[in-house]
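Structure first, commentary second.
The values are calculated or read from the model by the stated rules, or taken from the named source; none is laboratory data. Remember, it's a predicted structure, so these values are computed and weren't measured experimentally. As a convention, Cβ positions derive from the backbone with ideal geometry for all residues, glycine included, and neighbour counts pool all protein chains shown. Just so you know, the surface numbers come from the protein's heavy atoms only, side chains and all, with ligands and any DNA or RNA stripped out. Shrake-Rupley method; radii C 1.70, N 1.55, O 1.52, S 1.80 Å.
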Amino acid sequence: MLSKIKNYITDNTGILIRIDDIAENMNWDIMEKSELLFEKYSIKPVVGVIPNNKDSEFLVYPKKNDFWEKVRNWEKKGWEIAMHGNTHVYDNICSKSDDFFNYGGGSEFTGHSLDTQMLRIRNGLKKFEEENVKIRTFFAPNQTYDKNTFIALKNCGINEVLDGYGIMPYSENNIKFIPQLFNKILLLPFGIQSTKLHLNEWTQKDFNNFEKFVEKNKNKIITYDHALKRINNNMFYKFINILSKKILRLKRLSIDKKSEFKA
Ligand SMILES: [Zn+2]
């Protein structure tokens, strides 16, 4: 009995490495160090690629001319390439109540018409297609979505999203969600989680901390497919999902959005 419980916990506990804001222009120094680290421990992260980046915040970083070649190489290594918006330009501000996950703030999608949202997703997918990169999963810039975003995604053939509440992947309205709860890297004693890493903001010290985290927890770092296989819609996890949403909404009021490591 005890070993059964232990196995259940082991099978259903893990952290997926999700890296945001991967684009031609980015902090390549930290990205290359991270790639070597993943190589060393055979880790397969999810990289959120911005297909047509126009975000001026990122354009200040060095540009990699063979960027798409690099993306195809990552794909070959078994990394999951996710679509992270289209241009990553926030041209709308949404309130917490207009945002599906209640974060609120700048958005590339929330508040726009279904047609506009579909056009943006199609333009993004077109770029991936031209570059011969397969896309099955999406996460929006600034984690902001509305109901039309999910309709647009489904209309464009995407039904996996790397965002959401709870401690277990779940499906809702024919979309598979893998929860992403914390800004800091936090490993829960139970459940499947995803990180949200912004390498552009990292210093060498942040990387060193990440390296230590990976070394210590390498056995708990899972792949995207592993997370997908853990989709669980039972009532207990639904309850936890609602609870985590309520708790995190309150907690977020006091957390600095940008601190990934700074405790
Ligand atoms: Zn982003």
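Provide a single number: the residues in the range 126-162 that are assigned to a loop (DSSP other than H, G, I, E, B) and either over 20 Å from residue 72 (Cβ atoms) or open to solvent by less than 20 Å² (accessible area, probe 1.4 Å) (or both).
12
This table checks each residue for (1) in a loop (DSSP other than H, G, I, E, B); (2) open to solvent by 10 Å² or more (accessible area, probe 1.4 Å).
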position	(1), (2)
176	no, yes
179	yes, no
184	yes, yes
187	yes, yes
192	no, no
200	no, yes
205	no, yes
209	no, yes
213	no, yes
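Just to be sure, is residue 110 among the hydroxyl-bearing types (Ser, Thr, Tyr), in contact (Cβ under 8 Å) with a residue 12 or more places away in the chain and closer than 26 Å to residue 190 by Cα?
It is false that residue 110 is among the hydroxyl-bearing types (Ser, Thr, Tyr), in contact (Cβ under 8 Å) with a residue 12 or more places away in the chain and closer than 26 Å to residue 190 by Cα.
Taking into account only those residues within the range 55-92 that are assigned to a loop (DSSP other than H, G, I, E, B), farther than 28 Å from residue 150 by Cα and not polar (S, T, N, Q), which is nearest to the ligand (Cβ to nearest atom)?
Per the criteria, the residue is 61.
Identify all residues within the range 91-146 that are more than 16 Å from residue 71 (Cα to Cα), modelled with pLDDT of 95 or more and out of contact with any strand residue (DSSP E or B) (no Cβ under 9 Å at 6 or more places or on another chain); write none if there are none.
Matches in the range 91-146: 113, 114, 115, 116, 117, 118, 119, 120, 122, 123.
When you go through (1) away from the ligand (no atom under 16 Å from the Cβ); (2) open to solvent by less than 30 Å² (accessible area, probe 1.4 Å); (3) hydrophobic (A, V, I, L, M, F, W, C) one by one for residue 114, which number turns out not to apply?
(2)
Please go through the range 35-54 and give me each residue that is of a type outside the set (Asp, Glu), more than 13 Å from residue 21 (Cβ to Cβ) and not in a loop (DSSP other than H, G, I, E, B), ordered by number.
36, 37, 38, 40
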